[in-house]
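These notes are about the structure you will find just below.
The values are calculated or read from the model by the stated rules, or taken from the named source; none is laboratory data. Since this is a predicted model, take the numbers as computed values, not measurements. For neighbour counting, all protein chains shown are included, and Cβ atoms are generated from backbone atoms with ideal geometry for every residue, glycine included. Just so you know, the surface numbers come from the protein's heavy atoms only, side chains and all, with ligands and any DNA or RNA stripped out. Shrake-Rupley method; radii C 1.70, N 1.55, O 1.52, S 1.80 Å.
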Amino acid sequence: MKGDHGAGEGGTQCTVLWTEGQGEKGQAGGPRAGLRPHALWRLLDCSGDMVGLDTYVRERPFALQLVVWFLRGVSRVILANNPLSGALILAALLWASPWQGVLGTVGVLASMLTAVLIGQDGAEVTAGLHGYNGMLVSLLMGVFSSAGDWYWWLLLPACLGAAACTFLYSGLSPVLDRWDLPVAVFPFNIVIVLYLLVTRPDNPYFPHYPSLPVGALQANATELNTAQLLQGIFLGVGQIFACDSLGPSLLILGATLLYSPLQALHAVLGSAAGTLAGLSVAVRHGSLYSGLSGFNGALGCMCVGGLFFTFSWRSHLFAIATAFLCSYVDIAFSNLLGTIGLPACSWAATLVVTLMLLLTGRGLATYRIPIGQVRSPEHNLSSRSQWKAGNTLDPDSTVV
Amino acid sequence: MKGDHGAGEGGTQCTVLWTEGQGEKGQAGGPRAGLRPHALWRLLDCSGDMVGLDTYVRERPFALQLVVWFLRGVSRVILANNPLSGALILAALLWASPWQGVLGTVGVLASMLTAVLIGQDGAEVTAGLHGYNGMLVSLLMGVFSSAGDWYWWLLLPACLGAAACTFLYSGLSPVLDRWDLPVAVFPFNIVIVLYLLVTRPDNPYFPHYPSLPVGALQANATELNTAQLLQGIFLGVGQIFACDSLGPSLLILGATLLYSPLQALHAVLGSAAGTLAGLSVAVRHGSLYSGLSGFNGALGCMCVGGLFFTFSWRSHLFAIATAFLCSYVDIAFSNLLGTIGLPACSWAATLVVTLMLLLTGRGLATYRIPIGQVRSPEHNLSSRSQWKAGNTLDPDSTVV
Amino acid sequence: MKGDHGAGEGGTQCTVLWTEGQGEKGQAGGPRAGLRPHALWRLLDCSGDMVGLDTYVRERPFALQLVVWFLRGVSRVILANNPLSGALILAALLWASPWQGVLGTVGVLASMLTAVLIGQDGAEVTAGLHGYNGMLVSLLMGVFSSAGDWYWWLLLPACLGAAACTFLYSGLSPVLDRWDLPVAVFPFNIVIVLYLLVTRPDNPYFPHYPSLPVGALQANATELNTAQLLQGIFLGVGQIFACDSLGPSLLILGATLLYSPLQALHAVLGSAAGTLAGLSVAVRHGSLYSGLSGFNGALGCMCVGGLFFTFSWRSHLFAIATAFLCSYVDIAFSNLLGTIGLPACSWAATLVVTLMLLLTGRGLATYRIPIGQVRSPEHNLSSRSQWKAGNTLDPDSTVV
């Protein structure tokens, strides 16, 4: 989630993308071969981290550069780093609720602006690292607000919260760096909990809905609806952006697919694991149907299955285990925080993934990718095969 | 609690044990002299860490090796590392409740198996380091379960919880290693709290009893019963294994005595300090009588009084201070977590001992034993005397 | 907040103070010029860290040395390090409530004595670092106690709590040192929360008043009283010592002014920012009037505006941002902890300042002063100008 900057020098976009497509994507062709009919060539060149785009954009107007940084920040939320994915996600959010789209946009911009003002490293800003936390904070503020849509005063806490995320990102990174850990969404989780605590449900200016524990007192009298359950699995991907309608959720999944098919696969798998975990301890049906049971599993599964660890059958199994662990921990946190009306956000996924990154067992640790070299799952996989084949043949990973 | 592996090469068990008895135990003879009548010779040779046994077992069938690793894991709960202590403790648990004995066994095995599967260091597994957390989790799941004994479905969360402990152990160790701290029972405390949060008291599959704060609203109308209070001190040692009957508790104390008389002495002292602390702030009588007030004190006192610090009058006084500190912190945690129906487990002892290990004051820090060289209190004491006498005469401590 | 020891060699007090006054204060004359009429010369020489006093006192009776260490400890609470400020503060506390004065004195002494007993570094003790946490603990115990003034039994937990602070200080410092962070008031915040948890409101021996969340359910029916609001800003400075009367609060502000005018300015600014933050989310009027909304802001503002960061327009702006951040976080913590009747103490300021010290953004990080070289804001400023002018012309900062 960090350090995807630098790299990818020279040439125009097309050339770079093309050779990149030839060089790396070919390596990782295996799992994606079925997705590569001739007509999709150009689309696939726009997948992955699109590092070539940065070179291309560097000589264009500042406004265009800003748009790219902004869209990278949007895609970072779902652990991608691809401006096109970001654009698709933004479209999905605007489709689901224009007000949420506006809030999210404001959040990313406020966060990026703060980063520039407090003098954060430019490379971090251009890579969109100072955006996704702010976006999540403002999106969640909108979702929990009981003042209705287009309550413009909400932009005030949204901007302040997004700015606070940047402070937290900047302050947490030296601590987590000691163990080569990403800051991930710790800032978002901290800020949103604090915001909801500051403005209790009955606040006169910024009222919000209280959250309920998922292990609920409410009777699960009705039969389980299988169709809704399956829908919940896909909504779990949308819930990463606090979006609970099917169409936009599928569009968000599509944006992930564009970035990396492996990642999209793990997102759905993780969401399914979360739903199973929820079933096993009889959580509220509403939580299963809305995808809230699944999104922590999806996040955890994506992180372990290919992003921070090279994809392999072992790391794939670990990814599924992580998804279950994330989901159970999320249920625990939801029951705990729900007693005082707070949501569990993505605390579970953030903490469990941090734990998995710290794991010393050789079964997983050998697949660990240093945070500074993390790219899209497919690129990670091909880097490793090349490295295994002839040691440091990949210029990208050595430069970074 | 870590690194008691390696060391002790050559010879058969009998020879090694004998010479070990001669070599090291003689040094530490002082405090235990009264316990060494002629008939107890053989018994005493089986005390301490029994490092010789590992050499002996290495060439025997795998099943026997597994039993030794398993029993070491059981004894680790009470900070011992002695298979015979482990066997006595297992007998005590089976005596108190066969179902608890089964649960504990399953917990240790699930935890060890997970460690092997995720590729943890073999030496850690053979030393039983990946067992005691799992055992505690499954024991506590059984104690809190309101579904009655022999509810076989409970083995499912018991196994998953024990496996999660191994993940946490593996993930926490690189963080704590920075300050040369042991992982101790952090994994157990985290997992059991999460389990109880996931399955709220009214869960349809895994119901459990809620916990009450110790600083209770219930009237302490009756007079204090001195006999029960004294009994509570000894029950405090059994409560380390969530066992609240006198006979098994005394057997567990006996197992500790077998490992190290110093440790057994501190266990009783710590439990008594905990009871005193409980009296001083008027906790529920039930908590004093059942030994729940004492077990955190006992754990803290054992750790500081001889295990992680060389025994001396100073570290002895610090051990008593630690016992009081542990007990007060435990009361605080119990009142805090009790408001949402959770038990305080051994959070207090774990955190306070971690604090004492970090202490920079020369009064205690000079007695600190590096985690990799921790052995039984008597062995620690003799190592230090030898080291003081002629610098590095003890081959064990230099090898490790 | 650490390491203000050593330094200041040679000469008698007068000479040293005089030359110090000439050498350093002259540099920083700008912001204080208006405060320096001829008659105030001697007074101003007693401002700052008074390092010369240590040399003077070293050859005097031990009782006098002890008094100086004690008074330094008292002044440390408000981030000063000046025995005269300490004396003024003690006078203010005795004026507000003699019993509180006695409790505070006992707290500092118990804490210092414990530090000597457990063998802490002598330089830390003489600099008063092992006093302020103990003082705050015993002051707060007195404020929350519902047993009335002159309840002598309270001295028992006050002493134990103050001693526990020293243990925590000693144990936390190696952890925080890794990132060059001060221990600050973490020990106080931990110990007071634990004490209030151990002795629930209805404790038979040590009863106390429960705290209310600030974002209150109680109707803010009445109009806002501007005079009381303004008074609340100044009470915010007194609330750092849990003092809520105007006279003593102004005296405490005077003590800060004596140590450093810059610090006093930031204390008032921070308190005002806290009051504004409280207004913006409609907290209870009582919390605004009593200064409770302001003191976290005051603490945060003082730390960032000149103490841990060299004073400049940038760090000044950061200080104001910190004050707002502290205040919002304090409201959040107060709402959170208030649900179980606990106060938020100064957790907010402590955590936010720790965050600001970790900030990597060049906008603030370039002004960061290493913890071992922190002195009064004016001295920090002059050190930096001298260092900028001719690189290491200031002998003090190089020696330390």
For this session: Quickly run through the stretch C:261-292 and pick out the residues that are surrounded by fewer than 23 Cβ atoms within 10 Å (Cβ to Cβ) and on the phi > 0 side of the Ramachandran plot.
Result: C:A282
Exercise. Does the stretch A:328-345 hold any residues that are buried (at least 23 other Cβ atoms within 10 Å of the Cβ) and in contact with a helix residue (DSSP H, G or I) (Cβ under 6 Å, 6 or more places away or on another chain), and which are they?
Worked result: A:Y328, A:V329, A:D330, A:I331, A:A332, A:F333, A:N335, A:A344, A:C345
Exercise. Quick one: in the stretch C:243-252, which of the residues that are in contact (Cβ under 8 Å) with a residue 40 or more places away in the chain and open to solvent by 20 Å² or more (accessible area, probe 1.4 Å) is nearest to the chain's Cα centre (by Cα)?
Worked result: C:L251
For this session: Determine whether the stretch A:204-216 contains at least one residue that is at negative phi, polar (S, T, N, Q) and at pLDDT below 95.
Result: yes
For this session: Report whether or not A:Y169 is farther than 18 Å from A:P343 by Cα and touching a strand residue (DSSP E or B) at 6+ places or on another chain (Cβ under 9 Å).
Result: no
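Could we say that A:D149 is more than 9 Å from chain C (Cβ to nearest Cβ), open to solvent by 30 Å² or more (accessible area, probe 1.4 Å), more than 28 Å from C:L279 (Cα to Cα) and not aromatic (F, W, Y) here? Break it down into steps so the answer makes sense when it comes.
Working: more than 9 Å from chain C (Cβ to nearest Cβ): yes; open to solvent by 30 Å² or more (accessible area, probe 1.4 Å): yes; more than 28 Å from C:L279 (Cα to Cα): no; not aromatic (F, W, Y): yes.
Here the answer is no, as A:D149 does not meet what is asked.
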Exercise. Filtering the stretch B:360-385 down to residues that are open to solvent by 10 Å² or more (accessible area, probe 1.4 Å) and without any contact (Cβ under 8 Å) to a residue 12 or more places away in the chain, which residue is farthest from the chain's Cα centre (by Cα)?
Worked result: B:R362
Exercise. Which condition number does B:L224 fail, the rest of (1) touching a residue at least 12 places away in the same chain (Cβ under 8 Å); (2) away from every other protein chain (no Cβ under 14 Å) being met?
Worked result: (2)
Problem set entry | Subset of the stretch C:357-376 [under 14 Å from A:S173 (Cα atoms) and more than 7 Å from chain A (Cβ to nearest Cβ)] | C:L357, C:A365
Problem set entry | Hits in the stretch B:179-208 (condition: outside any helix (DSSP H, G or I) and more than 8 Å from every other protein chain (Cβ to nearest Cβ)) | B:D180, B:L181, B:P182, B:V183, B:A184, B:V185, B:P201, B:P207, B:H208
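Take the stretch A:264-284 and flag every residue that is within 14 Å of chain B (Cβ to nearest Cβ) and not in a loop (DSSP other than H, G, I, E, B).
A:A273, A:G274, A:L276, A:A277, A:G278, A:L279, A:S280
With the stretch B:64-133 as the region, which helices (runs of 4 or more DSSP H) entirely inside it contain at least 1 residues that are within 14 Å of chain A (Cβ to nearest Cβ)? Show your work before the answer.
Working: elements: B:83-96, B:98-117, B:122-126.
Result: B:98-117, B:122-126.
Taking the stretch A:232-262 on its own, how many of its residues are polar (S, T, N, Q) and not in a helix (DSSP H, G or I)? Break it down into steps so the answer makes sense when it comes.
Residues of the stretch A:232-262 polar (S, T, N, Q): A:239, A:245, A:249, A:256, A:260.
Checking the rest, the ones that are also not in a helix (DSSP H, G or I) come to A:245, A:260.
Number satisfying all stated conditions: 2.
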Exercise. Taking the condition of a type outside the set (A, V, I, L, M, F, W, C) and touching a Gly at 6+ places or on another chain (Cβ under 6 Å), does B:G338 pass?
Worked result: no
Problem set entry | Lone unmet requirement of (1) touching a residue at least 24 places away in the same chain (Cβ under 8 Å); (2) closer than 24 Å to A:I118 by Cα; (3) surrounded by fewer than 18 Cβ atoms within 10 Å (Cβ to Cβ) for C:P207 | (2)
For this session: Quick one: which residue in C:L140, C:L136, C:L176, C:L154 is assigned to a helix (DSSP H, G or I) and either on the phi > 0 side of the Ramachandran plot or in contact with a strand residue (DSSP E or B) (Cβ under 7 Å, 6 or more places away or on another chain) (or both)?
Result: C:L154
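Surrounded by fewer than 23 Cβ atoms within 10 Å (Cβ to Cβ), of a type in the set (A, V, I, L, M, F, W, C) and either more than 24 Å from A:I118 (Cα to Cα) or without any contact (Cβ under 8 Å) to a residue 60 or more places away in the chain (or both): does that describe C:L325?
Working: surrounded by fewer than 23 Cβ atoms within 10 Å (Cβ to Cβ): no; of a type in the set (A, V, I, L, M, F, W, C): yes; either more than 24 Å from A:I118 (Cα to Cα) or without any contact (Cβ under 8 Å) to a residue 60 or more places away in the chain (or both): yes.
Taking the combined requirement at face value, the residue does not satisfy it.
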Problem set entry | Conditions (1) over 23 Å from the mean Cα position of the chain (by Cα); (2) surrounded by fewer than 21 Cβ atoms within 10 Å (Cβ to Cβ); (3) away from chain B (no Cβ under 12 Å); (4) of a type outside the set (G, A, S): number failed by C:P213 | (2)
Exercise. Taking the stated definitions as given, is A:L224 out of contact with any strand residue (DSSP E or B) (no Cβ under 8 Å at 6 or more places or on another chain) and open to solvent by 70 Å² or more (accessible area, probe 1.4 Å)?
Worked result: no
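Taking the options B:A349, B:A344, B:A323, name whichever one is within 13 Å of chain C (Cβ to nearest Cβ) and modelled with pLDDT of 90 or more. Steps first, answer last, please.
Working: B:A349 fails: within 13 Å of chain C (Cβ to nearest Cβ); B:A323 fails: within 13 Å of chain C (Cβ to nearest Cβ).
One residue alone meets the criteria, B:A344.
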Exercise. Only one of (1) surrounded by fewer than 23 Cβ atoms within 10 Å (Cβ to Cβ); (2) within 13 Å of chain B (Cβ to nearest Cβ); (3) among the hydrophobic types (A, V, I, L, M, F, W, C) fails for C:C165. Which number is that?
Worked result: (1)
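Out of everything in the stretch A:304-315 that is assigned to a helix (DSSP H, G or I) and within 14 Å of chain B (Cβ to nearest Cβ), what residue ends up being surrounded by the most Cβ atoms within 10 Å (Cβ to Cβ)?
Filtering first and then ranking leaves A:V304.
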